[in-house]
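The values are calculated or read from the model by the stated rules, or taken from the named source; none is laboratory data. It should be emphasised that the depicted structure is a prediction, and the values quoted were computed from it without experimental measurement. Cβ: placed from backbone, ideal geometry, glycine included. Neighbour counts: every protein chain shown. These area figures cover heavy atoms from the full protein model, side chains too; ligands, DNA and RNA do not enter into them. Shrake-Rupley method; radii C 1.70, N 1.55, O 1.52, S 1.80 Å.
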Amino acid sequence: MQISKRIVLHYPPVLTERPIVYELVKKYDIMFNILRADFSVDGAGMLLLELTGKKENLTKSFRFLKKVGVRTELLSQDIERSEDRCVHCGVCAMVCPVGAFVITRPGMIVELKTARCIGCEECVKVCPYNAVKISFL
Amino acid sequence: MVKTIDEINEKIKAGKALVFNAEEIIDHVKEQGLKKAAKQVDVVTTATFGPMCSSGAFINIGHTKPKMKITKAWLNDVEVFCGIAAVDMYIGATQIADNDPANALYPGSFKYGGGHVIEDLIARKRLKFKAQGYGTHDYPRQEILGEFTIDDINDAFLFNPRNCYQNYNVAVNCSDSKIYTYLGVLQPRLGNAAYCSAGQLSPLLNDPEYRTIGIGTKIFLGGGIGYVAWHGTQHDPTVTRNEYMIPTSGAGTLAVIGDLKQMKPSWIRGTSLIGYGVSLSVGMGIPIPILSEEILRQTCITDRDITAPVIDYGQDYPNSINKTIAQVDYASLKSGSIKIQNRKVPTFPISSYSKALEIANILKTWISTGDFLITHPVAGLPGRGYATGSKPFRGKYR
């Protein structure tokens with residue numbers, strides 16, 4: 001059975017030249033979808049991937065990433081909304097590309113589906129009340 | 001007339017007033033019938049919560065030693081207006097901080113400005129204060145650096161020249177690129193639509209002909225008590241109305257005033273609109289006394305009966321081209337999509353319906369428990385014969 005995981009990979013500068021994602025495909029038969037990629041001036045990288053494959057292959061992939069020095073974390077834990085600051089307007093829902101913010105009816109409360117978040121930070125940029133935070137620690 | 005404001009106030013004082021919010025009243029009247037309900041119901045509460053740019057606060061910080069006639073001043077690096085008496089100033093909600101790059105780095109994020117200064121004052125935070133003056137015989141001091149909280153200053157009152165728009169545009173973008181507006185991020189080629197009204201809960205849509213809301217009306221403003229001070233700027237009651245007398249575009253507005261010291265940051269919020277600027281989100285609740293069947297009937301308006309004009313903010317709005325692409329009702333807007341030019345366009349609110357409902361319920365509690373009496377307006381708002389209206393600039397271009 002195939003399963004999918006959305007993960008954030010943090011590369012140290014020494015590893016950004018190595019084709020690690022290629023190795024995941026080749027060694028463990030993993031399908032990948034790049035959701036976001038960022039590289040800082042010092043060469044450290046952040047890659048947000050959706051990985052799909054057999055459960056045992058995904059486990060092996062994570063083991064491989066850890067061994068080569070790439071820190072990984074599951075994505076859904078990274079988005080936080082301050083319930084004090086959020087007023088339930090719909091500006092985040094307006095820009096979210098994956099429907100992580102759902103306006104419920106008839107109450108018009110904006111629900112956050114953390115598991116859907118791909119960490120693109122569009123909501124962070126547009127939230128008028130500075131209520132959303134995404135961290136890739 | 002079925003009852004007077006004085007009779008309603010007697011019931012409020014006795015804790016016997018029957019109060020509904022403008023959402024609940026719809027079903028209540030359907031069940032009871034207009035005639036019976038008009039006798040029973042005393043007050044219907046209405047509310048709205050959303051960005052209202054034409055807002056600000058007057059403060060008086062108290063005289064310094066030696067005295068100073070302030071001509072320029074900054075609170076947390078946001079300039080405030082000082083063209084009034086010595087230590088009086090006005091914090092404009094949309095003023096951005098002096099060091100804000102604005103849209104030089106497009107789209108600007110506008111994280112802090114006048115609206116946030118007002119929110120911080122209400123939250124009793126300490127503000128950094130800097131001021132200059134040219135010095136006079138009676139006001140010799142020329143500079144001051146300091147800090148204060150709202151409790152250290154004499155007066156602080158919100159005075160918003162235009163709030164509570166009766167109805168509002170639905171914004172879309174017919175251009176080929178994404179745009180950033182005060183109604184949010186609009187995707188190209190009718191990619192989305194944004195609206196900003198509480199619809200059936202909104203104050204002036206429940207009293208469309210200003211029968212009860214007037215100058216002097218006591219209101220919920222930012223969590224405290226406020227008053228309608230005047231009709232708001234751009235007040236235009238002359239616009240086209242539907243069979244329920246509901247304006248089919250902008251129309252009436254209110255200028256409101258209230259004590260900042262009573263307000264709460266949950267109901268007055270500094271607001272950052274990406275690519276546009278800073279604003280202030282204002283929570284307002286207005287009671288409508290049920291003096292007649294007709295007044296009650298008007299509070300029973302539903303989202304289905306209220307329509308708003310769809311306007312292109314890509315080309316038409318910025319170029320002052322008066323063109324309405326479509327007229328859509330709030331029930332459709334709130335459903336999540338509307339149909340424009342045979343396309344399904346997703347809709348998003350900029351104002352908060354849930355906050356508006358919370359405010360309507362707080363006001364309902366205040367009235368039901370006898371804490372909030374209804375006022376007689378001292379003068380009416382300009383009605384349909386109002387000649388000024390809201391016209392475009394008529395001065396000369398040079």
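When segment A:98-137 is examined, which residues are found to be of a type in the set (Ser, Thr, Tyr) and at pLDDT below 95?
Correct list: A:Thr114, A:Ser135.
Can you report the number of residues in segment B:243-260 which are under 30 Å from B:Ile311 (Cβ atoms), open to solvent by 10 Å² or more (accessible area, probe 1.4 Å) and more than 15 Å from the chain's Cα centre (by Cα)?
5
Select from segment B:139-164 the residues that are within 30 Å of B:Pro382 (Cβ to Cβ) and either in contact with a Gly (Cβ under 6 Å, 6 or more places away or on another chain) or assigned to a strand (DSSP E or B) (or both) and list them in ascending order.
Hits for segment B:139-164 are B:Asp155, B:Ala156, B:Phe157, B:Leu158, B:Phe159, B:Asn160, B:Pro161, B:Arg162, B:Asn163.
Just name the residue that is farthest from B:Ile219 (Cα to Cα) out of those in segment B:299-311 that are outside any loop (DSSP other than H, G, I, E, B) and open to solvent by less than 10 Å² (accessible area, probe 1.4 Å).
Across segment B:299-311, the extreme among qualifying residues is B:Val310.
For B:Gln315, indicate whether it is more than 14 Å from chain A (Cβ to nearest Cβ), at pLDDT 95 or above and open to solvent by less than 40 Å² (accessible area, probe 1.4 Å).
No; evaluated as a whole, the condition is false for this residue.
Test A:Leu35 against the criterion of being buried (at least 16 other Cβ atoms within 10 Å of the Cβ), touching a Phe, Trp or Tyr at 6+ places or on another chain (Cβ under 8 Å) and part of a strand (DSSP E or B), and give yes or no.
Spelling it out, it is not the case that A:Leu35 is buried (at least 16 other Cβ atoms within 10 Å of the Cβ), touching a Phe, Trp or Tyr at 6+ places or on another chain (Cβ under 8 Å) and part of a strand (DSSP E or B).
If I ask for residues that are free of Cβ contacts under 8 Å to residues at least 60 places away in the same chain, within 24 Å of A:Thr104 (Cα to Cα) and of a type in the set (S, T, N, Q), which ones from segment B:316-370 would you list?
Scanning segment B:316-370 gives B:Ser332, B:Ser335, B:Ser337, B:Ser354.
Have a look at B:Ala194, B:Ala104 and point out the one that is out of contact with any Cys (no Cβ under 9 Å at 6 or more places or on another chain) and over 30 Å from A:Met108 (Cα atoms).
Checking each option against the conditions leaves just B:Ala104.
Restricting attention to helices (runs of 4 or more DSSP H) lying wholly within segment A:54-137, give those where 1 or more residues are basic (Lys, Arg) and within 14 Å of chain B (Cβ to nearest Cβ).
By residue number, A:122-126.
Of the numbered conditions (1) more than 15 Å from A:Leu35 (Cα to Cα); (2) open to solvent by 40 Å² or more (accessible area, probe 1.4 Å), A:Gly90 fails exactly one; give the number of that condition.
All conditions pass for A:Gly90, except number (2).
Considering each of B:Asp120, B:Asp152 in turn, give the residue that is within 30 Å of B:Lys261 (Cβ to Cβ) and either in contact with a His (Cβ under 8 Å, 6 or more places away or on another chain) or open to solvent by 60 Å² or more (accessible area, probe 1.4 Å) (or both).
After ruling out the rest, the residue left standing is B:Asp152.
Identify the single condition in (1) closer than 26 Å to B:Arg384 by Cα; (2) within 14 Å of chain A (Cβ to nearest Cβ) that B:Asp236 does not satisfy, given that it satisfies every other one.
(2)
So that you can scan it fast, the table gives a plain yes or no per residue for (1) modelled with pLDDT under 95; (2) buried (at least 20 other Cβ atoms within 10 Å of the Cβ); (3) under 13 Å from the mean Cα position of the chain (by Cα):
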{"residue": "B:Tyr210", "(1), (2), (3)": "no, yes, no"}
{"residue": "B:Ile219", "(1), (2), (3)": "no, yes, yes"}
{"residue": "B:Gly222", "(1), (2), (3)": "no, yes, yes"}
{"residue": "B:Pro237", "(1), (2), (3)": "no, yes, no"}
{"residue": "B:Arg241", "(1), (2), (3)": "no, no, no"}
{"residue": "B:Gln262", "(1), (2), (3)": "no, no, no"}
{"residue": "B:Ile274", "(1), (2), (3)": "no, yes, no"}
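Being more than 18 Å from the chain's Cα centre (by Cα), open to solvent by 10 Å² or more (accessible area, probe 1.4 Å) and at pLDDT 95 or above, is that true of even one residue in segment A:55-73?
Looking for residues that are more than 18 Å from the chain's Cα centre (by Cα), open to solvent by 10 Å² or more (accessible area, probe 1.4 Å) and at pLDDT 95 or above, one finds none in segment A:55-73, hence no.
Table: residues versus (1) open to solvent by 10 Å² or more (accessible area, probe 1.4 Å); (2) at the interface with another protein chain (Cβ under 10 Å from one of its Cβ atoms); (3) among the basic types (Lys, Arg).
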position: B:Ile340; (1), (2), (3): no, no, no
position: B:Lys344; (1), (2), (3): yes, no, yes
position: B:Ser354; (1), (2), (3): yes, yes, no
position: B:Asn361; (1), (2), (3): yes, no, no
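Filtering segment B:276-297 down to residues that are farther than 22 Å from B:Ala194 by Cα and open to solvent by less than 10 Å² (accessible area, probe 1.4 Å), which residue is nearest to the other protein chains (Cβ to nearest Cβ)?
Result: B:Gly285.
Take segment B:330-344 and flag every residue that is under 15 Å from B:Val172 (Cα atoms) and in contact with a helix residue (DSSP H, G or I) (Cβ under 6 Å, 6 or more places away or on another chain).
Of everything in segment B:330-344, just one residue is under 15 Å from B:Val172 (Cα atoms) and in contact with a helix residue (DSSP H, G or I) (Cβ under 6 Å, 6 or more places away or on another chain), namely B:Ile338.
Checking B:Tyr195 against (1) out of contact with any helix residue (DSSP H, G or I) (no Cβ under 7 Å at 6 or more places or on another chain); (2) touching a residue at least 24 places away in the same chain (Cβ under 8 Å), which single condition isn't satisfied?
Among (1) out of contact with any helix residue (DSSP H, G or I) (no Cβ under 7 Å at 6 or more places or on another chain); (2) touching a residue at least 24 places away in the same chain (Cβ under 8 Å), the lone unmet condition for B:Tyr195 is (1).
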